[in-house]
Amino acid sequence: AYLSAVIFSFFLNSSAHEQLGEGDITQKGYEKKRGKLLAPYIPQIQGSKPRPKLLFKVPNPTSLGLPTPGMSASDLLMRFLDLHTEAVQAALAKYKERKMPMPSKRRSVLVQSSVEACTPPDTSSASEDEGSLRRQGRLTTSTPYQGHSHPAVEHWFNRVIQGSSTSSSASSTSSHPGGRSVTTTNTTLVVLCASLEKHTDLVSFSFLICPSLIHPRPPSISQSICLHMPTSHLRHHNYLHFFPSVFLYMFFFLVMFMSSQPFFLSFHLHKTHFIGVPVNSRVSNKIQQLLNTLKRPKRPPLREFFVDDFEELLDVQQPDPNQPKPEGQQMCPLEGEPLGVVTNWPPSLPAALQRWGTTQPKSPCLTALDNAGKPVYTLTYGKLWTRSQKLAYTLLNKLSSRNEPLLVPGDRVALVFPNNDPVMFMVAFYGCLLAELVPVPIEVPLTRKDAGSQQIGFLLGSCGVTLALTTDACQKGLPKAQTGEVATFKGWPRLLWFVTDGKHVVKPPKDWHPPIREASNDIAYIEYKTSKEGSTMGITVSHSAMLAHCHALTQACGYTEGETITNVLDFKREAGLWHGVLTSVMNRMHVISIPYSLMKVNPLSWIMKVHTYKARVAVVKSRDMHWSLLAQRDQRDISLSSLPKKLLLIWSISSCDAFLNVFQSRGLRPEVICPCASSSEAMTVAIRRPPEMGVPPPGKAVLSMGGLSHGVIRVDTEEKLSVLTVQDVGQVMPGALVCVVRAEGIPYLCQTDEVGEICVSSGSTGVAYYGLPGMTKNIFETVPVTPSGIPISGRPFTRTSLLGFVGPDSLVFVVGKMDGLMVVSGRRHNADDVVATALAVEPMKFVYRGRIAVFSVSVLHDERIVVVAEQRPDASEEDSFQWMSRVLQAIDSIHQVGVYCLALVPANTLPKAPLGGIHISETKQRFLEGALHPCNVLMCPHTCVTNLPKPRQKQPEVGPASMIVGNLVAGKRIAQACGRDLGQLEDNDQARKVDSHPHFIHDVLQWRAQATPDHPLFLVLNAKGTVSSSASCLQLHKRAERVAAALMGRLNTGDHVALVYPPGIDLIATFYGCLYAGCVPVTVRPPHPQNLATTLPTVKMIVEVSKSVCILTTQAITKLLKSKEAAAAVDIKSWPTVLDTDDLPRKKSPQMYKPPTPEMLAYLDFSVSTTGILAGVKMSHAATSALCRSIKLQCELYPSRQIAICLDPYCGLGFALWCLCSVYSGHQSILVPPLELESNASLWLAAVSQYKVRVTFCSYSVMEMCTKGLGSQTEALRLRNVNLSCVRTCMVVAEERPRIALTQSFSKIFKDLGLSPRAVSTTFGCRVNVAICLQGTAGPDPTTVYVDMRALRHDRVRLVERGSPHSLPLMESGKILPGVKVIIANTETKGPLGDSHLGEIWVSSPHNATGYYTVYGEEALHADHFNTKLSFGDTQTVWARTGYLGFLRRTELTDASGERHDALYVVGSLDETLELRGMRYHPIDIETSVIRSHKSIAECAVFTWTNLLVVVVELEGSEQEALDLVALVTNVVLEEHYLIVGVVVVVDPGVIPINSRGEKQRMHLRDGFLADQLDPIYVAYNM
C-alpha cells in the first residue's frame, strides 16, 4: 500500500526540531499536503467522490509520488518511507476507543519486563447477537434474587468480599487504602441461578455442588446475566490505560491474572447455602470485554444457503455484483524497437572475453572493494582471460576419478562464492564457460540448517552437480565433518569441493586453446530461483539468449565501450549478474562492485563510489536509495553533478521522486533515473530509456486500491487513503513482444484497464526450468489467446511473474509480483503493500530494522493473511500490543482486508535470505510447523473467517404416527437390543445354592464362610508385587462380624455410614459389617495427605450429602481428618462420629440384620461426574445381586477362577468388582490399587502374568500409565518372564466413549509380551446402571465402525470408509449384559429411533439403580431419569435414561445364541456436549484434533464460557513454544470443526484435572480458569 503521500512527513515527525534544509518541502507545502490528506476525516469539508477514469498520465516526473510495491521482502528497512505516516494516522483516527484486554503472559515468558497491568471491571454490555449476554437493565424475572431482596445473600457476599481473593498471581494484594476491601452500600449484586439446559435435569436437586469440583453451567442464550460492578471501586485500582482498539480484533492479554472484584453464584436451597465459584473474576471480565468487541457485524454478511442433510456447506464467496469490472478495449501486444545491427559484435560471450583479453589486456574489468570501501583488487581483462583459461584447463584435464575425467563438457558445476569476492566468482564463471561446463551459482551455506539450503540441495541433486568451486577462505569457513572434510548439508548430494585459488590451478600447455564457438542453444548457465512455496528451481539460460540479452541491455541502456559502472546488486544472479558480469564484458566496461556489507555500514557508499570513480552508470535497488535518503541528512558535502547519465533502478518497480527531490539540489538530474522491471525467467522486461533516445516523458498513475484488488485499473486522487502511486518502468526491451494476460487459468489477453501477468516473447529470456518439463511448459511456453481462443502470435511467451498493465505512450507499469500475491475471498492483495502499511505505523519504535514478513496461509478453503515482525529489544509488552492493534486497524482501513494473525518475534530470529532480507517461505514454514517462537501473537479469526457454514436451524420433527409401523421407525428396524435371558442360564449346583439367598449379598458371604471357609477370596498386592493382605471367606466374615458388633450398639438400622479407607481388605470387611448391622454403607475415597485443600472438601461434602451419621476409617486417616491442616480446608468440628476400626474387639454381633424386602437400600454409590456434579445413586439389595449375577454369567466367573482388578474401589463398576463380585461368584480377586502403579508401573501386568489371569479389569488412567511408562521397556519385561498370552479378556472400565487410540497403542506395545490384540475391550456403565455392557469371555470380538464427524454434529450417524475425510473411529463398548435391555430414544420427543440413528441410550435391567439419593426428596427428577417411558411404540416398559448419546447397529456377526449381534456404540455424554452454532460437538473430538496439531501439546481440554470456545493445552516443552500453539490450535479447530476458538490457554503439564477413571474434569478446569487459579503460561484471546 504505497500510499500517495510524501515521505517527508516521516522526517517532519521524527525530527521536528531539525531545521528545514534546502531541498526539503517547505512548511507551507507541508501544511497544505497535510490538510489535503486529512480532509476526508474532517466532516465539514468532505468532498464528493471523483468518478473513475480509465486513462491517466502525469507528464511531470518530479510530482510527488511514492515507491510502489514489487520489491521483494528483502527490500526492507526503509520502506516505511513509502507511506505517508499521517495518512495512516488519519485512517486510524476513524476508530473510536474500545477497551481491549492485553494477552496474559507468565513472567518467565516475557521477553521484556512489562508494565503491571490490571483490567478494569467491565461496565459495558455485550451485543445481542449470537451467544451474547443481554444488555444491562434487561434482567428477566427468572432471576430469583434481585438487589437486596435477600439479606442472607447480601451478608454472604460481604463476608466473601472481605475475606477472600480469587487470584493466584503475585500482584493480588489489595490496592484499597489501608488494605481493606471496599463494600459499598449502593452495590447492586445480582445473584443468578443458572437454569439447567435440557438433559441437565439429571442434576438439579439430586446432587449438591461440591466447591472444589463444580461450577454452575454457563447461562443459556435465552437467559440474562448481569455482570455489574460498583463504579466506586474503579478509582481504587491501578488500571491499565487502554488505547484505541481494533474493531473486531482480538488479542493477547495481560502479564498475569490480577485479582479483581469477585462475583459469586449462590445456590440457595431450603435455607442452606452452597457456595459456588466466583464467575466474575478477572477472566470473565476480560471475556465480557471480548464479547463487546464482537458487536460489529462480520464483513461481508453471510449469504443464505441450504444446509445439506449430512454435512455443513462452507459459504462460497460470491462475487460482489457492485465490484468494478474492466471496461477497456482488448489490449494489443506491445513490440519493442528492433535490435540494432552492431558491426564487429562478438559471436559469443567467450569470444568477447578472448577479444578484450588479448587486445586490451591492461583494461580494468572489475574492482572489488573491502568493507571499508577501499579497493582490494582490480581484475584486468588480460588477467580474467588467462585465469579463466587456467581454470578451464584444470577442470577438464586435471580432475579425474578412476582414470576417467571427472567432468566433460555440458556437466553442471556449483559456484559457491561469498558476496564480497566478485573477482574469484567472475574467474570461475568464465572458466566454466570456456570449458563448456554449465555454472550453477548458489549461496554459501553457513550452517547445516540455513533457510532454504535443503531446497538448494535438491536443485544441485536434480542438476547432477558433483563438483563445487569455491575460494580457499570460503572453503575454510564451511562447516566440517569429523573427518575434516566439508560436511554434507541436509538434502545436498555428495560434492567434491575444488578451490580455484592460483596455487590449485595449472597453466595450460602452449598448444591448448579453449574452444570458442558461436552462441548456440546449449545451456550457458543455470540461475536458481525460489518460489513462493519455498521450492527452488533452476532457470536455464542458453548461450544465444545470454548474448541476445547483453545486446538488448547494451542498446536499451546506451552502454558504450570502456565506460565505468557501479554495481550494488548480488553479482551471482539476476540484474547484478546481467549488468555486472555479462554485459560489462561484452562492452569492455569497468565494474565497481560494492559489497552488501559495506552498504550496511555506510548506505551512502554507492553514491561516493559513483563520485570517486566518475561512473557513468549506477545499478542499484530502491532499497539502496532509501538507505541513502536516511543517511543523507548527515552528509552535506556530496555532489552528484558527475552522476551517471543513468541511474538504473533495478528489481524494484519503485518511484524515484523522493530520492530525486532530496538529491536534485546536489546535482542529480531527473532524467538519469531509469527504473526497470525484470524477473528470473524473462530476464529484463522493460527499462526506462534515457531522454536522448527520444522517448516520451515518464508517467505516473494514482490507482485505487479497491480497484486493484479486483484486478481493475481505476484512477483516483492522491488525497485518498487507499491509493497506490505507480511510476512507469519505461519501454519494452528491444526485440521483445510483450502482452498482459490473466494471471489465473487460461492465458486470455487482458483489457487495457485490467491488471494481469506480463508475458514476454523474445530471444533473450530464460529457456526452461531444469528437469521440470511440466512447469516449463506452463511458464516458458505460454500461448496467450484472445477471448475467442485464437493465439495472438505463433511465438511462445514467457510468464514474468510480474503483475502490471500497459499505460499510455506504451509505457509499462508494474504493480506487484505473483510471489507476493494473496487472494483473499476473491480479492487480490500484494504482500509488499501490506508490509508498507504496517511499516507506516510508527515502525522505528517497535519494529527491529523494519523487518516484517507478510504471507498468506490456507485455512478453511481461503487464504488468510499473516503478518510477522521482529520486535525491537527495548519495546515494552504494552507498547508492542498497542502497535499491533494499530497495524490491524491500518490494514483494515487501507486494504479492506482482515489480518488473520499478527505475530511479533524477538529481534534477529526470522530466517534470513542471502542478502539480509527475510526468507518468506521459510518463515511461513516455521509458522505452520509451530517453530516461529513469537513473543506476542494476535489472532483475529472473527474478522477474516467469513465462509463458515450457516448456524444450523433445528427443523420441527415429523409426528410419531407417520413414522412407526410395527417394529420399524421411518423405514428402519427399531434400535433395540438385549443381553441373554437370565432365566435360562443357571446350570450348576453351586449357583442354585447361591440363588437360595438370591437377594442379599451378605447372606452369600455367610453361606460361603460355612461352605468353603478357607477358600481365598482376595489378595491385595503392594508396589513390590508381594501380597500385603489377603482374606478367605471365613476371615472376611469374622472381620465383618466385628465391625457389625461395634456398630450395633451405637447406630440404628438404616443409618448411613461413610467408609473412608484406602483400597484394601478393610474397606471390603467394613462394607459387609455395615450390611450385617443393617446400616447403609457409603464408600468414600480418602483425602490425599499432600493435597488436603482440594480433596478434603469432597470427602466432607459426600459425608454431609449422604447424611452419614458415622465415619469408619483407619487410625491414620482419623488423625488426618482432625489435623490442623484439615482445619484449614474444612470445619473439622462438624464431622460426625469417627470410628477407628484398626483394633476392634473380637466380639460376635448378637444377631444379623435381615432386611424385610430385597427392595431395601443396600448401599449408596457416590461419584463426581466429568461435568463436576456429585451424584449419589441408591442400590437396592435386589439390584446388587442382579448386578453380580449378570457379571458372573458374562465373564463366566466361578470359584476356581482368578481375576485381576486394577481399579479404584469407591464407585461404579470398580466398586462392584472389588467388593461384591468375588463374594457372589466365589472367584479369587487379585486386587492391585492403581496408586501403587505410580511407583511401579509394571505391577499390574506382572501380577496378571504371575497368576496366569484370564480376565482382568483396569481403567484408562492405568492403561495410559502402562503405555507411557512401559512403552520402551517391553524387552526388559520379557527378560523378567512377563507373559500376557494367558489373558483372554482385558476390559477397560469407563463411563465414556471408548478411547480407541489408547486401546490400540496398548495392544500394539504389549503384543510382544504375548497379549492378543483381540483381548482388549471396553465396558460401559453410568450413574443409572453401573454395568450395561461388558465384553465378557464369549461372543464375537468388539467391532469398529467409522462415522462422519460432521454428521454427528447434526445428531446423525453416517457410516463411512476408514480413512475418508472427517471420519471418526468408534469401537463397540462391549457386549450387553444378560438381563439388560437397551433402546435408543430421541432426546427431545422421547420416541424410539431406528437402527444406526443417534439418540440417547435408555436401559432397562434388574440391576438399574433405584434413583438418585436426594436430600430434599425431589421426586420429579427421580421419576424422569429412573422411570421413564417411550412417547410412542412400546409405552409400557420402564426405562432409565443414561444421559449418553449412542446408536445401535446390527452387525453381520452372530452371538452365542446364533442371533445376529447388535453392537452398541457410545458417542459421548449429553452433559459434556457443547452446543455451538446450532450443532452438537463432543469435546473429545476437538481435543483429539488439537493434540494432533503440535508435538509439544501433551493434553488438551475444551469448554465453553458465554458461547466462546475455550481451549486449554498443556505444553510439554520449553515455554518459548507456548505462543506457537495459538495459531496452530486456531487453525486446526477451524479446518476440522468449523469453529472459531475464542480463548487459547497454555498451561503446564498436569494442570488439566483428571479423575480416578482417567476422565477429564472439564468443569473443574473451567472453574479454575475463571477463578484465575491455573497460573497459565499464556492466554490468548482470539477476536
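Here are a few things to note about the model shown:
- Divided by 2.2 N^0.38 Å, where N counts the residues, the Cα radius of gyration of region 653-724 comes to 1.35.
- Three-way shape label, region 1506-1561, alpha-carbon gyration tensor, a/c 1.5: oblate
- For the pair region 1465-1534 / region 1077-1124, the C-alpha centres are spaced 35 Å from each other.
- With R₀ set to 22 Å, the beta-carbon distance separating GLN1520 from ASP1575 gives a calculated FRET efficiency near 0.80.
- By the equivalent-ellipsoid construction on the alpha carbon gyration tensor, region 744-819 comes out with semi-axes of 21, 15, 12 Å, ordered largest to smallest.
- For peptides 465-477, 495-507, 383-395, 719-731, sequence by mean Cβ density within 10 Å, most packed first: 719-731, 383-395, 465-477, 495-507
- Summary of packing: across the peptides 1267-1275, 821-829, the per-residue average of other C-beta atoms within 10 Å ranks them, highest first, as 821-829, 1267-1275.
- Whether region 1299-1361 is rounded, prolate or oblate, judged on the alpha carbon gyration tensor where a/c under 1.5 counts as rounded: oblate
- Near SER1469: Cβ cut-off under 9 Å, other residues only, Lys/Arg at +1 and Asp/Glu at -1. The net charge is -3.
- Whether region 335-427 is rounded, prolate or oblate, judged on the alpha carbon gyration tensor where a/c under 1.5 counts as rounded: oblate
- Share of Cα-Cα pairs in region 553-610 lying beyond 13 Å, as whole percent: 59
- Length available on full extension from MET693 to THR1437: 0.36 nm per residue minus the Cα-Cα distance, which gives 257.8 nm.
- With semi-axes defined as the square roots of five times the eigenvalues of the C-alpha gyration tensor, the equivalent ellipsoid of region 836-903 measures 22, 12, 10 Å, largest first.
- Once the Cα-Cα distance is subtracted from the 0.36 nm per residue extended length, the ILE790 to THR1053 segment shows a gain of 84.6 nm.
- Segment ASP1548..ALA931, full-extension length gain: 220.2 nm, with 0.36 nm per residue of separation and the alpha-carbon distance subtracted.
- Plainly put, region 411-514 has a radius of gyration that is 0.97 times its Kirkwood radius, both from alpha-carbon atoms, as the Rg/Rh ratio.
- Inter-label distance, nm, simple model (7 Å from Cα along the C-beta direction), LYS972/ARG952: 1.4
- Cα→Cβ-extended label distance, 7 Å offset, between LYS1024 and GLN360, nm: 9.7
- Pairs of Cα atoms farther than 16 Å apart, region 811-854, %: 47
- Whole-Hz ³J(HN,Hα) from phi, Karplus 6.51 cos²θ - 1.76 cosθ + 1.60, for region 808-816, glycine and proline x: x, 6, 6, 8, 8, 10, 10, 10, x
- Bins of 5 Å, starting at 0 and running to the largest distance - Cα pair percent for region 1124-1267: 2, 7, 13, 14, 17, 17, 15, 10, 5, 1, 0
- Residues LYS1252 and GLU533, FRET efficiency given R0 of 41 Å [Cβ-Cβ distance, rounded to 0.05]: 0.10
- Distance from region 391-439 to region 768-829 (C-alpha centre basis), Å: 35
- Kirkwood hydrodynamic radius of region 1248-1382, from inverse mean 1/r over distinct Cα pairs, in Å: 16.2
- With all projection directions averaged, the alpha carbon convex hull of region 1277-1334 covers 4.3 nm².
- Label-reachable residues, region 1074-1096, where backbone N falls under 18 Å from a point 7 Å from LYS1124's Cα toward its Cβ: 1089-1093
- Protection-proxy order for peptides 423-430, 1353-1360, 322-329, 1059-1066, each taking the mean of Cβ atoms within 10 Å per residue, highest first: 423-430, 1059-1066, 1353-1360, 322-329
- Dimensions in Å of region 332-372 - Rg and Dmax from alpha carbons: 17.1, 51
- Solution diffusion estimate, µm²/s, Stokes-Einstein, region 1452-1560, Kirkwood Rh from C-alpha pairs, 37 °C, viscosity 0.692 mPa s: 211
Taken together, the values in this text are just the output of simple stated rules run on the coordinates, not laboratory data. This one's a predicted model, so the numbers in the text were calculated from it and none came from an experiment. Note: ideal-geometry Cβ built from the backbone for every residue, glycine included; neighbour counts use all protein chains shown.
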